Amino acid sequence: MLLHALRLAWNRKRRNALVLLELVGSFLVLFAVVLAALAAWRSFVTPLGFDWQNVWIVHAQVDRNLLGLSEENAAKVPDLFLAELESLDAVESAAIGLFPVFDPSGMRTTWEDDGERVAVELFPASPGMERTLGLELASGRFLGEEDRGDPLSTVVINRKLASEVWGADVDPVGRVLVPPGAEDSEGYRVVGMVEHFRKAGDLRAEGNMAFQPLWTDQPLGHGLVTFFLRVRPGTTAATEKEILDRFHAIAPTWRFDVDWLEENRQRHLRLHLAPIAIGGLVAGFLLLMVGLGLTGVLWQNVTLRTREIGLRRAVGATGPAVRWQVLLELQLLSLLGIALGTLVAGQLPLVGLDVLPSPEPALLGQSLLVSGLLLFLLTTACGLYPSWLATRIHPAEALHYE
Amino acid sequence: MSKSHLVLAWKVLWRRKFFTLISLFGIAITLAVLTVVAALADHTFGAHAPEVHGDRSLGVYELEMYSESHEYRGEPGYAFLDRHVRGLPGAEAVTVASRAQESATYVDGERITLFLQHADGVFWRVLEFDFLEGQPFTEDDDRNANPVAVISREIRRRVFGGGPAVGRSIEIGQQSFQVVGVVENVPSLREFSAADVWVPISTLPSSTYRQGLLGGFRGLILAPSRDDLPALRAELRSRLDQVDLSNEPGDHLATAAETLFELEARRALANGAFSAEHRTDGSGESVDHAARLRLLLGIGILLFMALPSLNLVNLSISRILERASEIGVRKSFGASSRELVAQFVVENLVLTLLGGLLALPLAALALEILSDTALVSFSGVGLGSRAYLAGLGLAIVFGLLSGAYPAWRMSRLHPIQALKEGS
């Protein structure tokens, strides 16, 4: 039966070639959307590694004059800010960092250990960051006052960085990373590891992160500084205004803006989900169009081959057999389409425009599988009506057909 | 194309309603998507208020300062723009303004988020805002650091309840400003001027911005005419070589005076890097990103139309095969292939033009929805005549694309075969 169906399909190869092309095209469209959606889903369900509920950030634009203070007095300023924050009832804990979260801005550099090089993103943070962001250490401890005595600078890294340098399941605590070509004595000692720190947000890839100590008894450099604060649930914008007024009193020439992480996260999600949603919608319509077209074409086929089908019925083929024959031809075609489409899609990592990052093999495989399944379901659904039509052809009528 | 062609086309399409409907559906959806994209592109890159003179203006949006070990890329600083761009010979006017930054004002304990832009007095000459009340602030205001502000209609509504706002004060970022003018809302897609409140640059709390070569500002150059643009670009490039970098953390500069499209092309295709002709040390590749982006977009559109075209081709062939006997009869009575092909092309064009007409309300609906969602706020994106014409043009291209192959197939049908109805 299979062989027969193959031969029939081959007989009409020119006609089938066009349908095949359409199926390959539909597969690729499906694949693109499924890949994007699966990648987003995968990102979304991975934990962020920090809390965003009831956490606010205050962006500060620091000018170059250190407020006109002497170096000694300027060094007291960061603690002044922290003290103001902690004196408020509504604030549970506060910390200072350089870069905000849900934001791509940051400082990147390269470190190595034993010739193994990695790209690292730095996240300077004061010791209070652990409590403020709700960081959970998988091993070791967070940065603290005890690090001041260490001849080396200390860092806390994420598991991704640890795995990349020393392999998965290796405890990095105690190990040292150095800038390329530098001696161990100029390096950074790892004192703790967090499971995840997805600073850029739910829908962006996690980078290799390293927390570096930001001591609050040093003057703040010029540029941007970010204050983090954890507030009690239910805190309102009135507290926000209070904070801004107090900060302004300390540093009248700096600019301050408050963000609620909850809103930043919403914006981040919307920004990254929007293209997928739109793409999905457009793909949906395209596939609907293809589906309807395919149904029409199949219907046409059945009508044209009425005499052939009638003849089969006349020599004893059963209804189901006829239906199966029509469906089988279609399914062979779609399997071929999926195979060809997979071949084309498999070229993606090789062609890879600079614009798109190359997805990992597991994700590719899953997307191919899901797309193939969906396309198969779609084509089968298209074939249902025409194949049912075929069974309704009465042999005697068919043989009379003009 | 005669009336009989049209009449026949209509009858044929009407006879097989199901086929016609699914073909129309496919065409309408495809063209609607393309028209929406055309409208959005026109809205983003075209000359719309307040950046009305897009065709004769260039912007300096980004600056790169680099050395062997480091690279800083961001907005140009006020000092760079003021010293090296403002006095460009041949420019009608040059304005310097900051990138709009998110800030807030508090009304009755409630926070109202707004985008604040710091601009000079020339801003209002280079850009054409629609003033609903009052007037813009002047270069004098900027010189004297007068705490005045121009607000948008939306801010007037949210802060002052929609009543007259000129003369009243608004507090933003611990500073108090007096409203001197109210303008129509600016769509958020405007690269240079999208903001809710505008204040003079000199009202910035700290004056350190005056020394920065890097950071926080952009310049917009208005030329007397389009023909003056190449000279302006060249002039800026030669000035770059003369910038004193001795106190700066870099040895070389890279920047360009760009149109919006060139800016987006560079951002999208080169991750923001400047090509060799814009760098003071001439390193890197010399690439025309704008041309590449146009090419990619063209290919993208063709690819996007490929699947619906294929679909239409398949449906068309089905239609032809079904009418094989009719074709056979006409051929045996002496109809030339050319005549039959003409007939078929007319049918196809009628179909695609109908689909195009259907696509317009669909596209309008889609744009309505897009404007309403927070994705693109204050869009005011409508189906301008340009987008409409683009859509119609695409419909015709589409019709011809999808009609070529089936028409050729049909002309090859042998009359006897066709009459036998074997396919």
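Key figures
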{"read-out": "Cα centroid separation, the range B:204-254 to the range A:249-277 (Å)", "value": "29 Å"}
{"read-out": "Shielding of A:295-301 by partner chains, average beta-carbon count, 10 Å", "value": "5"}
{"read-out": "Whole-Å semi-axes of the protein assembly as shown's equivalent ellipsoid (Cα gyration tensor)", "value": "60, 35, 25"}
{"read-out": "Enclosed volume per residue, in Å³, of the convex hull spanned by Cα atoms of the range A:1-158", "value": "281 Å³"}
{"read-out": "Rounded D (µm²/s) - the range B:250-327, Kirkwood Rh over Cα pairs, Stokes-Einstein at 10 °C, 1.306 mPa s", "value": "99 µm²/s"}
{"read-out": "Ranked list, fewest to most other Cβ atoms within 10 Å of each Cβ, for B:Trp14, A:Trp215, A:Trp56", "value": "B:Trp14, A:Trp215, A:Trp56"}
{"read-out": "Order of A:Arg312, B:Arg73 - criterion: other Cβ atoms within 10 Å of each residue's Cβ, fewest first", "value": "B:Arg73, A:Arg312"}
{"read-out": "For the range A:34-51, 3J(HN,Hα) per residue [Karplus equation, 6.51 cos²θ - 1.76 cosθ + 1.60, θ = phi - 60°, Hz, x = Gly/Pro]", "value": "4, 4, 4, 5, 5, 4, 5, 4, 4, 4, 5, 7, 6, x, 6, x, 8, 8"}
{"read-out": "Per-residue HN-Hα couplings for the range A:362-372 [Karplus 6.51, -1.76, 1.60; θ = phi - 60°; Hz; x = Gly/Pro]", "value": "4, 5, 4, x, 4, 4, 4, 4, 5, 4, x"}
{"read-out": "Rounded tilt (10° steps) of B:3-15 against the dominant C-alpha axis of chain B", "value": "90 degrees"}
{"read-out": "In Hz, Karplus ³J(HN,Hα) per residue of the range B:172-183 (6.51, -1.76, 1.60; θ = phi - 60°; x = Gly, Pro)", "value": "10, x, 6, 10, 10, 10, 9, 6, 10, x, 10, 10"}
{"read-out": "Candidates B:Asp108, B:Asp42, B:Asp130: whichever shows maximal mean-square fluctuation once chain B is modelled as a Gaussian network with Cα springs under 10 Å", "value": "B:Asp108"}
{"read-out": "For B:Ala104, residues with placed amide H under 5 Å, excluding near neighbours", "value": "B:Leu114, B:Gly173"}
{"read-out": "Cα-based equivalent ellipsoid of the range A:20-90: semi-axis lengths in Å, sorted from largest, via gyration tensor", "value": "53, 18, 8"}
{"read-out": "Under-5 Å amide H pairs with B:Ala93, H placed in peptide plane, nonlocal only", "value": "B:Leu222"}
{"read-out": "Separation of alpha-carbon centers, the range A:69-120 and the range B:327-353, rounded to whole Å", "value": "75 Å"}
{"read-out": "Antiparallel DSSP beta bridges within the protein assembly as shown, percent to nearest 5", "value": "80 percent"}
{"read-out": "Centroid-to-centroid separation of the range A:295-346 and the range B:133-200 [C-alpha atoms, Å]", "value": "68 Å"}
{"read-out": "Reach of B:Lys11 by Cα under 22 Å, taken over lysines that are not fewer than 8 positions away in the same chain", "value": "B:Lys3, B:Lys331"}
{"read-out": "Ranked list, fewest to most other Cβ atoms within 10 Å of each Cβ, for B:Ile301, B:Ile416", "value": "B:Ile416, B:Ile301"}
{"read-out": "Rounded to 10°, Cα long-axis angle of helix B:229-240 versus longest principal axis of chain B", "value": "40 degrees"}
{"read-out": "Most mobile of A:Val297, A:Val120, A:Val176 in a GNM of chain A (Cα contacts under 10 Å)", "value": "A:Val297"}
{"read-out": "Set of lysines with alpha-carbon distance to A:Lys199 below 30 Å, sequence-local pairs under 8 removed", "value": "A:Lys76, A:Lys160, A:Lys241"}
{"read-out": "Relative contact order (%) - criterion: Cα under 8 Å, at least six apart; region: chain B", "value": "25 percent"}
{"read-out": "Nonlocal amide H pairs with A:Asn158, under 5 Å, H built at 1.01 Å", "value": "A:Val194, A:Met209"}
{"read-out": "Principal-axis tilt of helix B:260-270 within chain B, Cα atoms, nearest 10 degrees", "value": "80 degrees"}
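Bear in mind these aren't lab numbers, they're just calculated from the coordinates by the rules spelled out. Just so it is clear, the model here is predicted, and its values are computed rather than measured. Note that we place each Cβ from the backbone using ideal geometry, even for glycine, and neighbour counts take in every protein chain shown.
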